[in-house]
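Okay, structure first, notes after.
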Amino acid sequence: MYSYGTGDPNGLNIPSTLGSVNRRELVDGGTMRGFPARAEFREQESGGQIVAKMQRLEKLDGFGNVQMVEVDVPTPEPDEVLVKVKRSLISRGSELFARYVKEEAVPARIMGYSDAGEVVEAGGSVEGIAVGQRAKVSAPHAQYVTKAATDGMTVYPLPDGLSYDAATFLPLASGGVAWSRATPIAPGDTVVVLGQGLVGNLYAQAVKDRQPGKVIVVDATELRCRIARECGADEVIDVTETDSVEAIKDLTGGRGADVVVECVGGTAGIKSFEQAQRMVKSDGTIHLIAKYQAGDGVPGSGLLPLDSGIMQRKQIIFGYWKSPRGATLQDVDDTVEMMMDGRMRIDPLITHRMPWQQTPEAYHMLYKEPATALGVIMEWDR
């Protein structure tokens, strides 16, 4: 693993049982329960007022044009909390291919969604989350973020013992748990997971709770195959060394897999989807989790090749099949339990830790050198 500096990823262990907080009650001589009210912000005078400043990531006009930009520290609304970010995770799939590669600018509010940090302010109507609480927050890459603390999930209080590093994986990991619960699996089934990026790896770990007979994973990079083995995959197929369709047939006695889960996505996922149709057995299921995009200006290049002859007596399901929404609060709670009891391993997924000042460089690395990195953690307390 590549590391830039040292530090304690666990941060403070503040009990999650603190009661509701009124923001006005916290100010006492310029501090909020022992935390500096604004002293940690860089302040400057603007229009006769002192304005607190911070840095956040923005995607400006132009392909790959991501930069750190100085902006005002946000002020929380009555139902919001202000979180001082300690860690954030870059999700290569959505953050690169739905944001980084665009020619146009992208709203800063969607540049990232996996932060973990410490609540330093709470609006007057916030209940159940106090200043000093460690929390996961679904928010962009920035030194400070605000989010409404109303649904128990957008701002999720962290239990003692769950590190900030692990907490940044909760949005993807709880999605893996929810997706695995949507897949029609019977005990003893053979499950094939195509793609071992973060989503594919976390799904493969989560689906073990469904008691399949075997979980086989497929990828094209040595790094991801190695990490998959470390995370407990029963069989790992490197497509640079063997034909994945034939390998699945061999491992299933010629029957094919009961379930094939497609997590590759993008343009590469189009070929992967074609292979999935030949891997799955008669009466089996293909579960599409990944998203796909068309090639630059090529008509029809984002269409999935469906062979109706091969797919007779087979079914395809998509995403959170039969679920009224995505991951639920119960899914998140269960994911935390899996992380803490060792059923879901996070540390092997982290290949890089980088200081927040290098967030743009981290994006460039993930785009240009995808075979060298998987989980990239940005450290905001450097």
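Throughout, read-outs are computed from the coordinates displayed, never taken from laboratory work. Keep in mind that this is a model prediction, so the values were computed, not measured. Virtual Cβ from ideal backbone geometry, glycine too; neighbours counted across all protein chains shown.
Structure data summary
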read-out	value
Residues whose placed amide H lies under 5 Å from that of ILE286, excluding near-sequence neighbours	VAL260, GLN315, ILE316, ILE317
The range 172-318, dipole about Cα centre (Lys/Arg Cβ +1, Asp/Glu Cβ -1), debye to the nearest 20	420 debye
Derived scalar couplings ³J(HN,Hα) [the range 264-277; Karplus, 6.51 cos²θ - 1.76 cosθ + 1.60; whole Hz; x for Gly, Pro]	6, x, x, 6, 5, x, 5, 5, 4, 5, 4, 5, 4, 5
Amide H partners (placed H, <5 Å) of VAL280, local residues excluded	ALA257
Interchain or long-range residues, amide H under 5 Å from TRP380's placed H	ARG87, SER88
Prolate/oblate/rounded call for the range 172-318, Cα gyration tensor, a/c under 1.5 rounded	rounded
Dipole magnitude of the range 77-120, debye to nearest 20 (Cβ charges: Lys/Arg +1, Asp/Glu -1, about Cα centre)	300 debye
Farthest positive-ward along the range 172-318 dipole, Cα basis, beta-carbon charges - from THR242, ALA228, GLY256	GLY256
The range 305-382 versus the range 73-133: alpha-carbon centroid distance in Å	18 Å
Lys pairs, the range 172-318 - Cα-Cα below 17 angstrom, 8 or more residues apart or on other chains	6
Ranked packing of 175-181, 354-360, most packed first, by mean Cβ within 10 Å	175-181, 354-360
In Hz, Karplus ³J(HN,Hα) per residue of the range 208-220 (6.51, -1.76, 1.60; θ = phi - 60°; x = Gly, Pro)	4, 5, 7, 6, x, x, 7, 10, 10, 10, 10, 7, 10
Partners for LYS86 among lysines (Cα-Cα distance below 22 Å; same-chain residues under 8 apart left out)	LYS53, LYS59, LYS136, LYS147
